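To start, the structure under review is shown below, and the notes come after it.
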Amino acid sequence: MNTTPLKILHTESSLGWGGQELRILTEALGMVQRGLDVRLLTPREATIFQEAEKRGLPVESVPIAHKNLFGLLTLRERIQSLQPDVIITHSSTDSWLTALATRFMDRRPALIRLRHISAPVPVNPANRWIYGSASQMVVTTGEGILQRLIQVNGIPADQVRSIPTGIDLERYAPGDPQSARAALGLPGVHPIIGIVATLRSWKGHHDLIDAFARLDHPQAMLVIIGDGPREDFLKQRITALRLPPERIRMVGRQENIPLWLRALDLFVLPSLANEGVPQALIQAMASARAIVSTPVGGIPEMIENGISGLLVPPGDVPALSAAMDTLLGDPARRDALGAKALEVARARCSLEIMLDRMEGVIHEALRRRHTPHAA
């Protein structure tokens, strides 16, 4: 009986940090705990490289931040040396380089393309090849992304699976808000609104700040958790609106997200585009927070408007402000929405569910590995 563990290789060309990178690490470490041999290839300058080292995940530096011959040849050499059974790719550049690097190998690993965001995949022969022929399986983080790949891009339905991100539900379990606020130095009486997201344009931080400035609750506080390229822009917006520092705090990237979520009365994610099922949204649901968000990407697959949260049109600042005002003035409704959100998270978003389904996809990809593909 062969007891050699499956060798799984993840590739990631993105240099940034967000839910996509966090999912990669969460999934990879979960598979390591299940006995698989898992390794990550990524540029040394990528944030995920340092985060993988910090968490104890085997990681190697490869120059795949850009599509070029040096990166292609280096990646090919490492794949040939490591001899993985399966490679899971995550961003456009590493997906293309991996598909090309393995195209003419004698022992080709099975390829899985994981599509994290809801931005449409351009319809052209090149993408039809990368998603349909070069990859044995495609995984999306939301059902809407899956349906578009099938209906618009023509990817066979039996080749695509939707697997939302799973989280450690115990880590993000509800806790005492007052204790959390005391530990974080936040006021214990006034309502607190929060967002956890990388400071990117499509996360809608600017809409949240504008909506916050319109609130009828002058004692409310807004906490912005995360860092990113829009930091200076958002600070300028706060200054322009003359929001006092005691009412709005940008606290940067934080490690103890469960504690911050427990301190909130209301979690708001006014996304404008590109979302799969945002990891921070699931974390807030598991923390039983009342949520205001937008029907973008896979968000409405998790939040049913009026039942497990409130959804407002993306970019509609007055509607966003009104929704926040409504919930700040109705603690009982906040509790009801938070309780339902927790119920959904427990039923659909556990780490074990994600790992079970990803293991199934891995074995499906291996079964398909020797099936001839069109060039």
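A short reminder: the numbers here are calculations on the coordinates, not readings from a lab. Everything quoted here is computed from the prediction, not taken from an experiment. Note: ideal-geometry Cβ built from the backbone for every residue, glycine included; neighbour counts use all protein chains shown.
From the helices alone, meaning DSSP H stretches of at least four residues, give me the mean residue ellipticity at 222 nm for the chain, per-run term -39500 (n - 2.57), in deg cm²/dmol to the nearest 500.
Value at 222 nm, helices only, nearest 500: -12500 deg cm²/dmol.
Can you compute the label reach from F104? Point 7 Å from Cα along the Cβ direction, backbone N cut-off under 15 Å, restricted to the range 76-90.
Counting backbone N atoms under 15 Å from the label point, the list is 76-77.
Relative contact order (percent) for the range 177-348, with alpha-carbon contacts under 8 angstrom and 6 or more residues of separation?
RCO, the range 177-348: 24 percent.
What FRET efficiency comes out for the pair E304/Q151, r = Cβ-Cβ distance, R0 = 30 Å, nearest 0.05?
0.80
Where the centre of each part is set by its Cα atoms, how far does the range 179-217 sit from the range 258-292, in angstrom?
What the calculation gives is 11 Å, centre to centre.
For N274 and R214 in one chain, what is 0.36 nm times their gap in residues minus the Cα-Cα distance, to one decimal in nm?
This chain segment gains 18.9 nm when fully extended.
Compute the distance in nm between two label points, each set 7 Å from the Cα along the Cα-to-Cβ direction, one at N124 and one at R253.
Once both label points are built, they end up 3.2 nm from each other.
Using a/c under 1.5 as the rounded threshold, could you call the range 1-160 rounded, prolate or oblate? The axes a ≥ b ≥ c are square roots of the C-alpha gyration tensor eigenvalues, and prolate needs a/b larger than b/c, oblate otherwise.
Because its axes are fairly even, with a/c under 1.5, the range 1-160 counts as rounded.
Suppose R0 equals 56 Å; then what is the FRET efficiency for L241 and F70 from their Cβ-Cβ distance, rounded to the nearest 0.05?
Given R0 = 56 Å and the Cβ-Cβ separation, E is 0.75.
Going by a ≥ b ≥ c, the root eigenvalues of the Cα gyration tensor, does the range 1-95 fall in the rounded group (a/c under 1.5), the prolate group (a/b larger than b/c) or the oblate group?
oblate
Within straight cross-link reach of K203, meaning Cα distance under 19 Å, which aspartates and glutamates are found once same-chain residues fewer than 8 apart are removed?
Within the straight-line limit of under 19 Å, K203 reaches these aspartates and glutamates: E21, D227, E231, D232, E275, E301, D316.
With labels modelled as points extended 7 Å from the Cα through the Cβ direction, what inter-label distance (nm, one decimal) is found for Q178 paired with L82?
Those two pseudo-labels are separated by 5.0 nm.
Let's see if you can work this out: charge +1 on each Lys and Arg Cβ, -1 on each Asp and Glu Cβ, no other charges. What is the dipole magnitude of the range 10-106 about its Cα centre, in debye to the nearest 20?
Magnitude of the dipole: close to 60 debye.
Any chance you could run the full-extension gain for R44 through A339? It's 0.36 nm times the residue separation minus the Cα-Cα distance, nm to one decimal.
102.0 nm
Using the Cα gyration tensor of the range 177-348, with a ≥ b ≥ c the square roots of its eigenvalues, what is the shape: rounded (a/c below 1.5), prolate (a/b larger than b/c) or oblate (neither)?
Rounded is the answer for the range 177-348, as its axis ratio a/c remains below 1.5.
Remind me, relative contact order of the chain in percent, using alpha carbon pairs under 8 angstrom and six or more residues apart?
16
Kindly state, to the nearest 0.05, the FRET efficiency for E170 paired with L15, given R0 = 30 Å and r defined as their beta-carbon distance.
E(calc), rounded to 0.05, equals 0.45.
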